[in-house]
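The values are calculated or read from the model by the stated rules, or taken from the named source; none is laboratory data. All values derive from a computational prediction rather than experimental measurement. Ideal geometry is used to build each Cβ from the backbone, glycine not excepted, and the neighbour counts take in all protein chains shown.
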Amino acid sequence: MARVAQRAPVTDLSTESDHLEDFTRYRFACGFVSGKNVLDVACGSGYGSALLWREGSAACVVGLDASWEALQMARRFQVPGNVSFAAASAERLPFCDGEFTAIVSMETLEHLRDPRAFLRDVGRVLRAEGQAIISTPLNNGEGRCRPDNPHHVREYSASEFMALLYDVFQVVEMFSQVSEYGYDPLWAPLERIRGRSWARQAAAVVVPPSIRRGLRRATGSKGRQLAASRVTPGYDDRAAYQIAVCSQRR
């Protein structure tokens, strides 16, 4: 009798709370992949691909990433015939037209110099009846073209994100991921100082922008604890991430 792979929970991670926002997005995507063959673009260390199969009941999942280091970590989640991983750039998907019935791509667009080409390629390898679940940080600020994150080429407002998607897909349904944070009591006094307008104005005058960005990256998450994260339909200006479910490619 053929051995059937077990869809056990993903437990071989540091702690789920460390990955709560990522898990929340992937668990949202799990609602769209049951019985489908799925491509997970920019899969990173692979636990999202495993979730799509184990909790989303996908028929099979291919995780794709350009980083060999990430793929070495991802291979601990391989399930022969069900979950596999491959090395390739998101900007050139090495698959045939219409090969997948669902495509998931979490936090990819902001890393790309030609996001439109990537989305067109997603539409190419997605079947006509398939769905693409795509997320990216929400940034409505003036600095989105030069984001603080040095690995991001640019970030997108809600209207810019939708404009990119409508170049390829006829139907785009938008969702927002809102996260709630708490602070360690020892760090709270500094957060109160940082929150005062006079302190921000003084820092803007005295400290050069490049140094302020470096300090935010170095200290912005210190004492910050993610308490909860949820995905809701529509637009929410409090959202950290915007998620689109796309279908009916042109």
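Okay, residues lined up against (1) at pLDDT 85 or above; (2) surrounded by 12 or more Cβ atoms within 10 Å (Cβ to Cβ):
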position	(1), (2)
MET162	yes, yes
ASP184	no, no
ARG200	no, yes
ASP237	yes, no
ARG250	no, no
Leading residue by the ranking (farthest from PRO115 (Cα to Cα)) among those in region 76-96 that are of a type in the set (A, V, I, L, M) and within 21 Å of the chain's Cα centre (by Cα): VAL83
Could you please find all residues in region 16-60 being of a type outside the set (A, V, I, L, M), farther than 23 Å from THR232 by Cα and touching a residue at least 60 places away in the same chain (Cβ under 8 Å)? LYS36, ASN37
Checking ASP40 against (1) assigned to a strand (DSSP E or B); (2) surrounded by fewer than 18 Cβ atoms within 10 Å (Cβ to Cβ); (3) among the charged types (D, E, K, R), the condition it does not meet: (2)
Within region 51-68, count every residue that is over 11 Å from LYS36 (Cα atoms) and either outside the structural domain of SER89 (by TED's automatic domain parsing) or touching a Lys or Arg at 6+ places or on another chain (Cβ under 9 Å) (or both). 3
Are any residues in region 43-59 surrounded by 20 or more Cβ atoms within 10 Å (Cβ to Cβ) and either in a helix (DSSP H, G or I) or among the hydrophobic types (A, V, I, L, M, F, W, C) (or both), and if so, which ones? CYS43, TYR47, GLY48, SER49, ALA50, LEU51, LEU52, TRP53, ARG54, ALA58
